[in-house]
């Protein structure tokens, strides 16, 4: 089987619009949460969001073309362009039919649905945009990436809520490992800070409703009360080791393991036993030919909801045994908020950078310990240490669990 390596990365996030600025913000413990500005929240209990700032779509997409896309596609194309450029993929150094795109999202163009539904109700069917459907469907980020760069291999979009982009990374790894593709551009995107999404999450009591950014996304803290909506995209170029070496590509890290499972329990709550989530974690470790004792860092799903961290802690203990108390854990959602379908992609990038630089990013905003979350969650300040193996967890509504394992080459 082929070994699978990472040769390019790109990121559009609430704390930076490229990998370097994103990573610098994480190391510094910079909070990307602030007042919600994308629409008027006067009638909403939710007042905060983790918005992408100073993003100029015209750096990546022609103005006319951009008008025919939802913003989730803008974010995805920008992250993909960064990743493809870093990987050095140019015409002639890859086979288009062996270069795929597997790019996830949670809700895709839901904003388009919201806008066009209003037109339908207020002005009639004749006023609905003729490009409504290709703007709204969830697979269009993957489609636009393939069209932009001429990638003609496997092309699809995993849709599994907050686990979407870890499923994308894992399935991309498998496609390369088993010889179906040489290269897969993968990751995830989301444009979720929109009225209907915020209202829906708010009314199910999933979102934090305070007005202090420093106390909003506080994973593992006893005060946590709900997640903060984020937005953006992350993209990774995965490639077989032999193909990367043959074209002289710089290798950033190796995607060595992938585990996935389903809770079969509840539409929103994780399984209190943590059993299925632990199977995904242990599955990724076993897939990589490693043991729990080999894991140095866990980028936790860590959404800042009362149930998530409680049950994720249980899952980590089941999967790692006594080593759970020795491994470094953190939730970078304390800084970025929750990017839903794009979350796992930027968190995989954080794992790569942690390995490259030997730095564990912190869980910021931590003040009050929760006895049910008693692992080392790297509170408030980054920690320097050698990191050879990192795992990234994702737990999606509906019980979708996905873990990827990234290791130093």
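Number of residues in the range 127-142 that are in contact with a strand residue (DSSP E or B) (Cβ under 7 Å, 6 or more places away or on another chain) and under 17 Å from residue 66 (Cβ atoms): the value is 1.
At least 3 residues being at pLDDT 95 or above is the threshold, and among the helices (runs of 4 or more DSSP H) wholly inside the range 1-104 those reaching it are 19-28, 71-87.
Could you list, in sequence order, all residues of the range 356-374 that are closer than 15 Å to residue 298 by Cβ and either crowded, with 23+ Cβ neighbours inside 10 Å or touching a helix residue (DSSP H, G or I) at 6+ places or on another chain (Cβ under 6 Å) (or both)? Matches in the range 356-374: 359, 360, 361, 362, 363, 373. Taken over the range 321-335, the residue count meeting the criterion of being surrounded by fewer than 24 Cβ atoms within 10 Å (Cβ to Cβ), touching a helix residue (DSSP H, G or I) at 6+ places or on another chain (Cβ under 7 Å) and in a helix (DSSP H, G or I) is 3. Do you know which residues across the range 157-178 are in contact with a strand residue (DSSP E or B) (Cβ under 8 Å, 6 or more places away or on another chain) and not in a helix (DSSP H, G or I)? Listed by number, the residues that qualify are 157, 158, 159, 160. Inside the range 105-137, residues that are part of a helix (DSSP H, G or I), touching a residue at least 12 places away in the same chain (Cβ under 8 Å) and more than 24 Å from residue 229 (Cα to Cα) make up a count of 2.
Yes or no: the range 230-239 includes at least one residue that is more than 18 Å from the chain's Cα centre (by Cα) and not assigned by TED's automatic domain parsing to the domain that holds residue 390. Yes: the range 230-239 contains one or more residues that are more than 18 Å from the chain's Cα centre (by Cα) and not assigned by TED's automatic domain parsing to the domain that holds residue 390.
Residue check: residue 253 meets all listed conditions (1) in contact with a helix residue (DSSP H, G or I) (Cβ under 9 Å, 6 or more places away or on another chain); (2) assigned by TED's automatic domain parsing to the domain that holds residue 89; (3) surrounded by 16 or more Cβ atoms within 10 Å (Cβ to Cβ) but one, namely (2). Consider residue 371 carefully, then state whether it is part of a loop (DSSP other than H, G, I, E, B), outside the structural domain of residue 212 (by TED's automatic domain parsing), at pLDDT below 95 and over 26 Å from residue 23 (Cβ atoms). Answer is no for this residue. If you check residue 348 against the conditions, is it in a helix (DSSP H, G or I) and either closer than 25 Å to residue 226 by Cβ or at pLDDT 95 or above (or both)? Judged against the criteria, residue 348 is a match. Can we say residue 289 is surrounded by fewer than 20 Cβ atoms within 10 Å (Cβ to Cβ), modelled with pLDDT of 95 or more, in contact with a strand residue (DSSP E or B) (Cβ under 8 Å, 6 or more places away or on another chain) and more than 29 Å from residue 140 (Cβ to Cβ)? When the stated conditions are applied, residue 289 passes them. Could you look through the range 179-208, keep only residues that are assigned to a loop (DSSP other than H, G, I, E, B) and in contact with a helix residue (DSSP H, G or I) (Cβ under 7 Å, 6 or more places away or on another chain), and pick out the one that is surrounded by the most Cβ atoms within 10 Å (Cβ to Cβ)? Restricting to residues being assigned to a loop (DSSP other than H, G, I, E, B) and in contact with a helix residue (DSSP H, G or I) (Cβ under 7 Å, 6 or more places away or on another chain), the top hit is 191.
Inspection of the range 309-316 identifies at least one residue that is assigned by TED's automatic domain parsing to the domain that holds residue 365 and under 21 Å from residue 49 (Cα atoms).
The values are calculated or read from the model by the stated rules, or taken from the named source; none is laboratory data. As the structure is a computational prediction, the values presented were derived from the model and not from experiment. Cβ sites come from the backbone with ideal geometry, for glycine too, and all protein chains shown count toward neighbours.
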